[in-house]
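See below for the structure under consideration.
The values are calculated or read from the model by the stated rules, or taken from the named source; none is laboratory data. The shown structure was predicted, so the numbers you read here are calculated from the model rather than taken from an experiment. Positions of Cβ are generated from backbone atoms using ideal geometry, with glycine treated the same way; all protein chains shown enter the neighbour counts.
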């Protein structure tokens, strides 16, 4: 079985971001308020959502090599 799910961080939910990780080894997504990700989840996969402090995504982008 395959499911398509959408995870969205609300803009009025507070000063936080979310990290969405899959157990299948795909890279994790970091979502800022107002951003969303759609995932296809297969039987046996686990999705983990972790709250991160606001600004985490921007800090990670600043550290990426250019």
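Data overview
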item: Filtered residue count, the range 9-29, keeping only those that are under 13 Å from residue 57 (Cβ atoms), in contact with a strand residue (DSSP E or B) (Cβ under 6 Å, 6 or more places away or on another chain) and without any contact (Cβ under 8 Å) to a residue 40 or more places away in the chain; result: 7
item: Residue 41 touching a strand residue (DSSP E or B) at 6+ places or on another chain (Cβ under 6 Å), surrounded by 11 or more Cβ atoms within 10 Å (Cβ to Cβ) and over 18 Å from residue 61 (Cα atoms); result: yes
item: All strands (runs of 3 or more DSSP E) inside the chain with 1 or more residues being at pLDDT 90 or above and in contact with a helix residue (DSSP H, G or I) (Cβ under 6 Å, 6 or more places away or on another chain); result: 16-22, 29-31
